[in-house]
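What follows is a set of notes on a single structure, which appears directly below.
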Amino acid sequence: MSTTTTTIPHLPPSKRNTITNYCCCHINPMSISIIVVVTLVSLFLLLKLYKKKLGNKNLPKGSLGYPLIGETFSFLQAQKKDQGPEWINDRVKKYGPVFKTSLMGAPTVVIVGQAGNKFILGSDENVLVAKQPKTLSTVAGKHNIFELTGSRYQLIKGALSSFMKPTILQSNVKHMDNLITTLFLKSTKKTNIIPTVDFMKRVTFNIASAVLFGIQNEVLIDEFCHDFTIAFKAIWSLPVNLPGLAYWHGMRARSRIIDRLMPIIRKKSEELREGRSSPSSDVLSSLIDVKMQHEDVISEEMIVDNFITMMIAGHDTSAILMSLMVWKMSKDPKIHRNIFEEQMDIQRDIERREDQNLTWSDIQKMKYTWRVAQELMRIIPPVFGSFRKVVNDTTFGGFDIPKGWQVFWSAYNTHMDSDVFTNPAEFDPSRFETNLLKPIPPYTYIPFGGGQHSCIGNEFARVETLITMYKLVTMFEWSLIYPDEVITRQPMPYPSMGLPIKVKSRSSATAID
């Protein structure tokens, strides 16, 4: 019996409700029972067929957990408590370094160890392709670089990575120096409290806007920053597009970002056509130039999606590292003192020069500061791990991995492997000195990924981190507002209370009371 209510136009609402209630109340209970039974039997048969299809495969040991949700809930709970390594290690002890589970709605093979990292990060696109959360594909755009393959991927990557090379970064050191100095002075003009996490996010966003994308208008940067903050939150939310929810706000923020971006793209396109600017001016100009040369391959939508993707990708990773640097220096006086001495030596050299700005040569002298950053990324990797999707049946470690499944790699397992790093629990920046007798094996230290899937912005992140640390330690003394503040994953690792610090200028002339 149909449960559809038919609207009779000429009946008053009260009569219509009576008819509706009558229909609903007189549905045969036997019909409902039959529907439920048929649905359950169908699901059971589908599961049997799926298991039969996999029956001839030598799958890794493990548990797929509950139907549909798998082990996603326990995995996310562990991540939230910063116990992701324990979650994986418990299963490694039980099943081995290759095990199956089900995460984020898909059967998954987790692989730990150097060989596994190499397999996942080094495989060709006919075996594994990038798999990002659905929310990233919709908020950032389906044509983001993480989803592209083939010639489109190569063209977009070429345009983006050309601005991450040392030769280009050298010319931007002074610009970045001035931007960061200005932000520190503005933030401490009326207060002696810096909310470190929010401040570092602002630093990375302003640098990306001005240096990478050539956006100089401060009002526009503020508007972009506001909407990108909303968009980033949406990526780590449920993809439910209902008013008031984070995902809904994120999609609306995306629309506003595009509305502001399109006039910039049109203006830069016109300047390129008329020869008033060059593709080397900024990343947007480079992307537009690629589109002009490859109209059949690159679309305007790809430019938009990759602008949004780059801004989101650069919004947190470098900010995490810089926040953790402040946290570590605040907790460890020896580390703080060593960094301070290195940076003050550089400052004394600068004071003897006519130009008081940092140079590329100065950046290269910050060896100890960067080794501290490297060691922090080893112990607290900004990205815990990531997924890739299997596009053709493949094997690893003697196990079959079916097409359509996903694989997951984790940075922690090799970062904390005593066979790779001596006394891995000990914080020791010297393990990254270049003259070590025992070099770090490939695919074991992977905070920036590895192989062909290494992060294209790792050198850019190094430069902006070192400039920011130089400015902080030479301009200010500081202390933690909450000395016992801990690190939590949200899902990336951050000081749990935003790491506010109380600062005092090192210059008595501009001391903050």
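Per the listing Ile288, Ile320, the residue uniquely buried (at least 20 other Cβ atoms within 10 Å of the Cβ), assigned by TED's automatic domain parsing to the domain that holds Thr196, without any contact (Cβ under 8 Å) to a residue 24 or more places away in the chain and at negative phi is Ile288.
Residue-by-condition table, conditions (1) at positive phi; (2) among the acidic types (Asp, Glu); (3) in contact (Cβ under 8 Å) with a residue 24 or more places away in the chain:
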site: His175; (1), (2), (3): no, no, yes
site: Asn178; (1), (2), (3): no, no, yes
site: Thr182; (1), (2), (3): no, no, no
site: Lys186; (1), (2), (3): no, no, no
site: Asn192; (1), (2), (3): no, no, yes
site: Asp198; (1), (2), (3): no, yes, yes
site: Thr204; (1), (2), (3): no, no, yes
site: Ala208; (1), (2), (3): no, no, yes
site: Val211; (1), (2), (3): no, no, yes
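Among the residues of region 299-311, some residue qualifies, meaning at least one is of a type in the set (Val, Ile, Thr), at pLDDT below 95 and within 16 Å of the chain's Cα centre (by Cα). Taking residues in region 59-85 that are under 21 Å from Ile379 (Cβ atoms) and assigned to a helix (DSSP H, G or I), and partners anywhere that are charged (D, E, K, R) and at pLDDT below 90, the pairs with Cβ atoms closer than 9 Å and at least 6 places apart or on different chains are Gln79/Arg489; Lys80/Arg489; Gly84/Arg489. So which residues in region 400-409 are out of contact with any helix residue (DSSP H, G or I) (no Cβ under 6 Å at 6 or more places or on another chain) and either buried (at least 16 other Cβ atoms within 10 Å of the Cβ) or basic (Lys, Arg) (or both)? Correct list: Asp400, Ile401, Lys403, Trp405, Gln406, Phe408.
For region 314-356, a residue qualifies if it is more than 29 Å from the chain's Cα centre (by Cα) and of a type in the set (Val, Ile, Thr), and the qualifying residues are Ile346, Ile350.
For region 104-142, a residue qualifies if it is surrounded by 20 or more Cβ atoms within 10 Å (Cβ to Cβ) and in a strand (DSSP E or B), and the qualifying residues are Pro107, Thr108, Val109, Val110, Ile111, Leu128. Note on region 153-171: residues that are more than 28 Å from Ile298 (Cα to Cα) and surrounded by 13 or more Cβ atoms within 10 Å (Cβ to Cβ) total 1.
Could you check, for region 314-335, whether at least one of its residues is touching a helix residue (DSSP H, G or I) at 6+ places or on another chain (Cβ under 9 Å) and farther than 21 Å from Pro195 by Cα? Within region 314-335, one or more residues are touching a helix residue (DSSP H, G or I) at 6+ places or on another chain (Cβ under 9 Å) and farther than 21 Å from Pro195 by Cα.
Under the condition of being in contact with a Leu (Cβ under 8 Å, 6 or more places away or on another chain) and either without any contact (Cβ under 8 Å) to a residue 24 or more places away in the chain or of a type in the set (A, V, I, L, M, F, W, C) (or both), which residue from region 136-157 is farthest from Leu245 (Cα to Cα)? By that ranking, first place goes to Ile156. For the residues Val197, Val219, Val173, the requirement of being at pLDDT 90 or above, part of a helix (DSSP H, G or I), assigned by TED's automatic domain parsing to the domain that holds Met251 and touching a strand residue (DSSP E or B) at 6+ places or on another chain (Cβ under 7 Å) singles out Val197.
Any residue in region 245-263 that is within 26 Å of Thr167 (Cα to Cα), under 21 Å from the mean Cα position of the chain (by Cα) and aromatic (Phe, Trp, Tyr)? No: zero hits. Can Met475 be described as modelled with pLDDT of 95 or more, more than 30 Å from Ser237 (Cβ to Cβ) and under 22 Å from the mean Cα position of the chain (by Cα)? In short, no.
Annotation for region 107-129: no member residue is basic (Lys, Arg), in contact with a helix residue (DSSP H, G or I) (Cβ under 8 Å, 6 or more places away or on another chain) and either assigned by TED's automatic domain parsing to the domain that holds Arg254 or at positive phi (or both).
Filter region 479-497 down to the residues that are at pLDDT below 95 and in contact with a helix residue (DSSP H, G or I) (Cβ under 7 Å, 6 or more places away or on another chain), then identify the one that is surrounded by the fewest Cβ atoms within 10 Å (Cβ to Cβ). Applying the filter and picking the extreme gives Pro491.
The values are calculated or read from the model by the stated rules, or taken from the named source; none is laboratory data. Note that the structure is predicted; figures quoted are calculated from it, not measured. In this analysis, Cβ positions are derived from the backbone assuming ideal geometry, glycine residues included, and neighbour counts consider all displayed protein chains.
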